[in-house]
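Read the figures in this text as sums done on the coordinates, not as results from a lab. Just so it is clear, the structure is predicted and the values come from calculations on it, not from any experiment. Positions of Cβ are generated from backbone atoms using ideal geometry, with glycine treated the same way; all protein chains shown enter the neighbour counts.
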Amino acid sequence: MPHRVMVAVMEIAIPVLGTLELASLPIPGGDAEPLTRAFPLRRRLRDGTPVRLRMMDARDRERLRAGFEHLSPASRYRRFFTPVPRLTEGMLRRLVATDERDHVAIGAEMGGPRLGRRDGLGVARFIRSKENPAEAELAVAVIDDMQGRGLGGLLVQALCWAARRRGIERFQAIVLPENDEMRSLVGVIDPEARVRLEDGLRIYDMSVPDVALNEIGTGYRRGAVDRLSDAGELVVSGVRDLLQRIRLR
């Protein structure tokens, strides 16, 4: 017989069916490895805006769908090489089919203290080559309102850190010739990158630098409110995961 559990988070009471083991939830600011889903990497953009970078997975399905709506038709065309009015279910399934090894996606969201929904600002991802496990294809998308503020550079640097830790030594990026933003990001990764034209597209081949986390952008120091917000988000996330598991039974 399931029993009712009340989880109070910042004066919000959430009734849950089942048993929630709060002790199993990770503690923000502990010794866990950074740049995971539970422990985002906090940085500031050039204008001082705080952002959080973290791994993405199937739970970010609706966040990706919402973020796509903030891409202009031109940005969508640069990302997908064709007019894309909306993300289909098949496209969403492929985008969230990450495994944190061969398909890695790092998402950016607004930082600072807040509890609840955090809208996605951009995504950088790589998919490992099946023919050569030391190579992977790179793709980056940043919503229009956040372009030109250094977010793309932060994302690709974080992706380089994740790639080297998984044995990826080279990135390949296939872009439209007019995609100047991606050309700038290639320069961030490897100023000596090779490029060739093929079927009207630019194909960049670049070496993945060994980036240290403390070399990525400007750090954002958390205050007491940030820590409370982080703890609250972990509890809310745990409750949502528990409810999802209950629904699937």
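Using equal-weight Cα scatterers in the Debye expression, the normalised intensity of region 79-207 in log10 at q = 0.11, 0.23 Å⁻¹ is -0.40, -1.63. When Asp102, Asp210 are sorted by how many other C-beta atoms sit within 10 angstrom of their C-beta, beginning with the fewest, the order is Asp210, Asp102. Spin-label pair Arg86-His103: with each label point 7 Å from Cα along the Cα-Cβ axis, the two points sit 2.2 nm from one another. What the Cβ-Cβ distance of Glu137 and Arg61 gives, at R0 = 25 Å and to the nearest 0.05, is a FRET efficiency of 0.70.
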